[in-house]
1. If you check Arg101, Arg73, which single one turns out to be over 23 Å from Pro19 (Cα atoms) and either at pLDDT below 90 or under 14 Å from the mean Cα position of the chain (by Cα) (or both)?
2. Would you please name the residue that is modelled with the lowest pLDDT, looking only at residues in segment 13-38 that are out of contact with any strand residue (DSSP E or B) (no Cβ under 8 Å at 6 or more places or on another chain), part of a loop (DSSP other than H, G, I, E, B) and not aromatic (Phe, Trp, Tyr)?
3. Taking segment 10-54 as the region of interest, how many residues are within 16 Å of Gly81 (Cβ to Cβ) and free of Cβ contacts under 8 Å to residues at least 40 places away in the same chain?
4. Looking only at residues that are at pLDDT below 95 and either within 21 Å of Arg109 (Cβ to Cβ) or not small (Gly, Ala, Ser) (or both) in segment 39-48, which one is surrounded by the most Cβ atoms within 10 Å (Cβ to Cβ)?
5. One residue is enough: does segment 53-60 have a residue meeting the conditions under 22 Å from Trp122 (Cβ atoms) and surrounded by fewer than 17 Cβ atoms within 10 Å (Cβ to Cβ)?
Amino acid sequence: MALGTFVSVEADFPTWGMPPGRELAGFISSVLTRAAIPHSAPEELKGWAWTIRSQSGHTRIESIIGFSDDGPRQWQIHTYGYLGILDRLLRRGAADPEALRGFCEAIDRAIKSDGRFRTIRWYEQETYETDFGDTWDDAP
């Protein structure tokens with residue numbers, strides 16, 4: 001089975017603000033800190049979401065945290081792994097799935113142990129982009 005790197009959750013975080021999700025992004029940042037995963041502070045992403053960046057070896061990781069209110073109202077955390085331009089030019093392979101796995105599993109453990117989170121659904125990126133959430137799992 002491929003790795004699920006997209007998660008949708010219902011959670012008790014404020015939905016006001018532009019963009020909404022500053023508190024959830026701060027929570028995710030604290031989760032990564034406790035898991036000893038180096039990362040950037042949450043940054044606003046073009047007025048609609050928050051982003052957190054990390055790197056493990058040649059793999060760059062970007063996690064986008066946003067609120068979807070088009071039914072059901074839920075938070076989305078989409079995590080992507082990719083190689084930087086230089087690594088792609090030097091043909092250093094693909095993003096390391098284990099770097100992504102560690103990042104996503106840290107998030108999974110934290111949200112499953114916090115009572116503010118409900119209806120946790122993990123998706124594989126390729127499947128999510130095809131069926132828009134019909135196929136999901138309960139873990140990364």
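1. Working: Arg73 fails: over 23 Å from Pro19 (Cα atoms).
After ruling out the rest, the residue left standing is Arg101.
2. The qualifying residue modelled with the lowest pLDDT is Gly17.
3. 6
4. Leu45
5. The answer is yes, given that some residue of segment 53-60 is under 22 Å from Trp122 (Cβ atoms) and surrounded by fewer than 17 Cβ atoms within 10 Å (Cβ to Cβ).
The values are calculated or read from the model by the stated rules, or taken from the named source; none is laboratory data. No experiment lies behind these values; they were computed from the predicted model shown. Cβ sites come from the backbone with ideal geometry, for glycine too, and all protein chains shown count toward neighbours.
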